[in-house]
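None of the figures in this text is laboratory data; all of them are computed from the coordinates on show. Everything quoted here is computed from the prediction, not taken from an experiment. Backbone-built Cβ (ideal geometry, glycine too); neighbour counts: all protein chains shown.
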């Protein structure tokens with residue numbers, strides 16, 4: 001696979017843009033994104049597991065139950081969640097897009113992100129959607145990625161190509177997420193596009209497999225959002241033979257989806273609210289994969305471990321503590337821990353007990369923007385990786401006055 005410049009408009013046949021329509025008070029902030037493929041697309045999505053979920057999720061589930069869509073629309077600044085008229089407003093957004101594009105409103109994926117519990121004003125959308133449609137273009141992915149941001153510090157987008165069935169297939173993506181991020185599905189939104197020719201069933205399978213090991217392995221603050229959604233559209237314009245079953249073509253496609261989802265997940269973790277560093281935790285030697293996932297998530301979710309990473313303190317006892325309260329059957333006297341960055345690596349724990357190490361060298365390692373924690377359980381073949389960030393003073397500042 002090859003990484004290329006671009007995002008959701010990199011694949012053939014996709015148009016997009018982002019504009020300011022008036023949901024957000026600041027006119028300098030884009031707040032409406034639209035992605036469109038004139039060709040019908042296979043569609044798939046995964047959603048938050050929070051029992052309180054946004055109205056757009058209800059509407060999107062209904063709209064793509066048949067596995068088909070043409071467009072994805074998203075507003076920022078308002079989550080359209082916990083509102084009595086939420087479903088009505090989400091359906092109205094789809095109707096506005098349908099009318100403006102000349103497609104069925106049921107062929108629209110809808111998403112919202114922002115403050116929970118505030119009524120979504122329809123007037124800016126009724127004005128903005130007809131305005132954005134004529135501006136859609138094949139290099140509009142960057143503005144679309146900016147328009148879905150809330151507390152993100154930068155837009156997140158990527159694109160890759162791969163040869164499948166002798167054809168060049170392209171996959172593009174954009175995502176947002178900085179706070180209220182915790183497995184499963186982490187306020188995180190991800191939009192993927194591809195010109196691959198693939199059935200909706202296999203597209204759904206590829207997305208699930210990729211999300212389970214990427215977006216579902218991210219935690220910023222332990223809060224699972226109400227509006228999480230990752231969705232993908234495939235319009236088939238690459239011209240490859242349709243992928244309808246597992247095999248070499250599907251595995252090649254899956255590899256790219258996994259790569260792009262993992263990369264976007266790391267971008268989200270590194271851009272956590274107030275974060276100064278990305279924390280990657282890899283667990284090997286666990287009794288099984290599911291337990292490895294639980295342990296790695298437990299470590300990157302631990303507030304004490306996250307605070308230690310912020311302070312560049314190699315307090316490995318907090319890592320062992322987080323391992324110890326993980327639900328599952330395992331021993332503790334075979335565990336070893338290493339911490340590393342671009343400045344080097346230190347071995348801090350062996351057989352569940354501390355070992356001598358140079359605190360000054362440890363601090364130098366932990367002051368880097370990316371820190372890797374590696375845990376070897378010494379008890380099996382299970383392995384997994386999770387991503388998080390440090391816990392800083394700014395996280396509290398950002399969330400202390402989020403609504404204002």
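Can you put 51, 167, 277 in order of Cβ neighbours within 10 angstrom, beginning with the fewest? Don't skip to the end; give the middle numbers.
Numbers: 51 7, 167 15, 277 22.
Listing 51, 167, 277 from fewest to most nearby Cβ atoms yields 51, 167, 277.
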Taking the square root of 5λ for each eigenvalue of the C-alpha gyration tensor of the stretch 358-404, the equivalent ellipsoid has semi-axes, largest first and in whole angstrom, of 31, 19, 8
In what order do 260, 23 fall by count of nearby beta-carbon atoms within 10 Å, going from fewest to most?
-> 23, 260
In nm, spacing of pseudo-spin labels at residue 363 and residue 27 (7 Å Cα→C-beta vector) = 5.0
The stretch 235-276 pair-distance distribution - Cα-Cα, 5 Å bins, rounded % = 5, 19, 17, 18, 12, 9, 9, 6, 5, 0
Taking the alpha-carbon centroid of each part, what is the distance from the stretch 258-310 to the stretch 33-54 in angstrom?
-> 25
Distance in nm between residue 68 and residue 393 label points, each 7 Å along Cα→Cβ, equals 5.7
Take the Cα coordinates of the stretch 1-146, assign each an equal point scatterer, and use the Debye formula without solvent to give log10 I(q)/I(0) at q = 0.08 Å⁻¹.
-> -0.20
Placing each pseudo-label 7 Å from Cα in the direction of the beta carbon, residue 381 and residue 355 end up separated by a distance in nanometres of 2.6
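Tell me, what is a quarter of the convex hull surface for the C-alpha atoms of the chain, in nm² with one decimal? All intermediate terms of the calculation are to be shown ahead of the outcome.
Numbers: hull surface 76.2 nm².
Mean projected area of the Cα convex hull: 19.0 nm².
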Computed P(r) (all Cα pairs; the stretch 278-400; 10 Å bins; percent) | 14, 48, 30, 7, 0
Compactness ratio of the stretch 268-347: Cα Rg over 2.2 N^0.38 Å, N = residue count?
-> 1.10
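Please report 296, 42 as a ranked list, fewest other C-beta atoms within 10 angstrom at the top and most at the bottom.
42, 296
Once the Cβ-Cβ distance between residue 39 and residue 123 is put in as r, and R0 is 41 Å, what FRET efficiency do you end up with, to the nearest 0.05? Working shown, then result.
Working: r = 32 Å, r/R0 = 0.78.
FRET efficiency, residue 39 to residue 123: 0.80.
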Roughly what % antiparallel, to the nearest 5, for the DSSP beta bridges in the stretch 278-400?
-> 75
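Once you have a ≥ b ≥ c as the square roots of the Cα gyration tensor eigenvalues for the stretch 21-97, tell me rounded if a/c is under 1.5, and otherwise prolate or oblate according to whether a/b is larger than b/c.
On the way: a/c = 1.94, a/b = 1.19, b/c = 1.63.
Oblate, since a/c reaches 1.5 and b/c is not below a/b.
So if R0 is 41 Å, what FRET efficiency would residue 139 and residue 347 give, r being the distance between their Cβ atoms, rounded to the nearest 0.05? Mind dumping the intermediate values first?
Working: r = 48 Å, r/R0 = 1.18.
The computed FRET efficiency comes out at 0.25.
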